[in-house]
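Let me begin by presenting the structure, written as structure tokens, before commenting on it.
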Amino acid sequence: MQNSFVLTLAICLCCPAVSVGQQGAKASPTAVARDGQHDFDFYVGKWKIHNRRLMKPLTGSKDWIEFDGTSVARPVWNGRANMDEYEADSPSGHVSGLTVRTYNTKTGQWSLYWANANNGEFSLPPVVGHFENGRGEFFDNEDYNGKPIVVRYTWSEISADHCRWEQAFSPDSGKTWETNWIMESTRIKE
């Protein structure tokens, strides 16, 4: 019994708990910062993107739209940041966007900022997180239709010529998730 208590205490002290609902899932100041400043290097280049987007998230709707787009990504600050320009013609109109990703060397976390050319402002707060075992998860807290939600971006299925991005919303602090946007990216070879 005493050994299990000591083991539990050691785990708690060495592995700080982070709630999904915390804005950006910030790393503990006592945690050892990981060197992930090149996590997004795979995305540098030109991409063709097939989009699937849920029309009315968090309503029980099962109506998805599909459309294609492109993205061009480039590194900034020797890879500690990057940005990509996104263009697509969706059924609801043209989308022209910009994502800027910055890496915090102290926390080992990325902050992802999205701006749509229609309003010319970055959406705040950023989604914040990191990669582990080839999968990136990034979170923030927002209001959606007047209700608090947690937003999650997931990067997965990463290879030299393909990757998958998903956006999901949780109305219950991360207990359940509804995926509402999926992007399947294929590298454009020149």
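Only the coordinates and a few stated rules stand behind these numbers; no lab work does. Source: prediction; values computed, not measured. Using ideal geometry, Cβ is built from the backbone for each residue, glycine included, and neighbour counts are taken over all protein chains shown.
Distant-in-sequence amide contacts of Ile188, defined by a placed amide H-H separation under 5 Å and a gap of 5 or more residues or a different chain, comprise Lys46, Trp47, Lys48.
Phi angles of segment 91-99 translate, via the Karplus equation with coefficients 6.51, -1.76, 1.60 and θ = phi - 60°, into HN-Hα couplings of x, 9, x, 6, 10, 10, x, 9, 10 Hz per residue; Gly and Pro are given as x. In order along segment 68-83, phi translates into HN-Hα couplings of 10, x, 9, 9, 10, 10, 9, x, 9, 6, 6, x, 6, 8, 7, 8 Hz, rounded to whole numbers, per the Karplus curve 6.51 cos²θ - 1.76 cosθ + 1.60 with θ = phi - 60° and x for Gly and Pro. Counting only lysines at least 8 places from Lys106 when in the same chain, those with an alpha carbon closer than 27 Å to its own are Lys26. As a rough footprinting exposure proxy, the listed residues Tyr43, Tyr113 were ranked by other beta carbons within 10 Å of their own, and the order from fewest upward is Tyr113, Tyr43.
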